[in-house]
Structure formats: C-alpha cells, structure tokens
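In what follows, a single structure is set out as structure tokens and then discussed.
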Amino acid sequence: GCGLQELSWRVLWATLSGFTWGITWLYVGFTTYQPASQNPFYWISQNVFGAIVCIDFLSIIRLNSIKVATALLVVAFVYDIFFVFLTPLFMKSGESVMITVATGGGGGAGGESADYCEKYPEDSQCWGNDVLPMVFTIPRIHDYRGGSSLLGLGDIILPGLLIAFGARLDAAKRLSSKIGLEVSHVPHKWYQGYLCPLMVAYAVGLMGGRGAVWWYRGRNGINKP
C-alpha cells in the first residue's frame, strides 16, 4: 500500500550482519595498538570495506569523455607526487602529509608521537589511530619492525574511472555491431579494445610507483638498519 517492498529475511540478515561487522571492526580499531598489522580480522575487514567503496564509487560515478579522464589523471599524478615526495622536504617533522593522513596521524588518538607509542604500546592513548578505511593494507612479512604496506583507495578509484570508461566503450562497440550499426575496430577478443591495454598500463604504473618508493627510501636511508 505504501509502495515499499517487503522486508525479506535476507535483507534483514544482511543489514544486521553488516552493522555487526562494522561495529566490531570499529571496536577492534579503537582498542588495539596498530590493529592493521597485529589483527588479521581488522586488516582483512578494512580491505573488504575498501573494495566495496571502490566498486560502489565506480558503479555510480562514470566518465563520458577521454579528455576528462586524461585531465583528471594528470592532476592526480601531480597531486600525489607533491604530497608524497615533496612535502617531507619542507615539513618540520620530515614526514609525508599523504602518509600521515592515510595512517591516521602516525601516533595515537590522543596525539602521542609514533616513537612514544612504539615504546609504550599498552598506553590506551596510542590506540585508535587506524580506524579510517582510506587504504588497502597488508602486514609486512618477516619484518622485525612490523608495519604494513599501503595502497590508497584513490590509487584504484581514479585509474578505475578510466578503465571502466574503456570497458564500457568496448561493450558499446560490441552491442552496436550486433544490432547492425557500422562501428570501427570492434573488439571481438578479450585482448582487443581498450580494456586490456588499460589494465596492463595500470599494472605497469603500480610497479613503477612501487619502484619509485623503494628508490626514494633507499636514497634517504630509510631501509638501512
């Protein structure tokens, strides 16, 4: 009568499960020191939440022009370089603004420094600084210093806009060809069209970015004992 769909048990179960999962994740984040590297439930859940955010964003926001995509990625490229590699040069702390924001400040929720929290991890003021799902995180393996490897959601969403645009263009060409319209360069194979080259270019870009981070850290002695 009211135009509302019946609330099925599946929807109710999914809603309750989602809220329970999210609240549990927040509780662990606020009550654990460095949960992203110490608690598998926390970092796996964070990665799942981040993936959902990326998928939801790319399903809603769509580009309709290659010019817009090009301009957006060029601006994002300059933005990333400035805030990751250049801000440490003139910040008093010598830290990257981007990394500080993505890791919740590098210290504790109470404002304690990272060095203090490393010495006194049991202090409750050092908990709760990793509770924003802004990055994908994977704990480092066989590293006595601990910590995690991070990948920001923006590094997936922004290139994803271009990749999704290429996938839609390939699909539109196939559909137009099937209904009898004249279309040039119809991608009949999976490796034809724009999607495959864009995916390869994105993978190369990620590897290049990772190589730049290793070079930057090695040059500044960050990886040296």
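Just so it is clear, none of the values below were taken in a lab; they were calculated from the coordinates. A quick note: this is a predicted structure, and the numbers were derived from the prediction, not measured. Methodologically, a virtual Cβ is constructed for each residue, glycine included, from the backbone with ideal geometry; neighbour enumeration extends over all protein chains shown.
Given a Förster distance of 30 Å, report the FRET efficiency between residue 196 and residue 27 from their Cβ-Cβ distance, rounded to the nearest 0.05.
0.10
With the crude spin-label approximation of a point 7 Å out along Cα→Cβ, what separation in nm comes out for residue 77 versus residue 91?
It is 2.4 nm.
Check residue 136: other-chain or 5+ apart residues with amide H under 5 Å from its amide H, H built from backbone geometry?
So residue 136 has HN proximity to 151, 152, 153.
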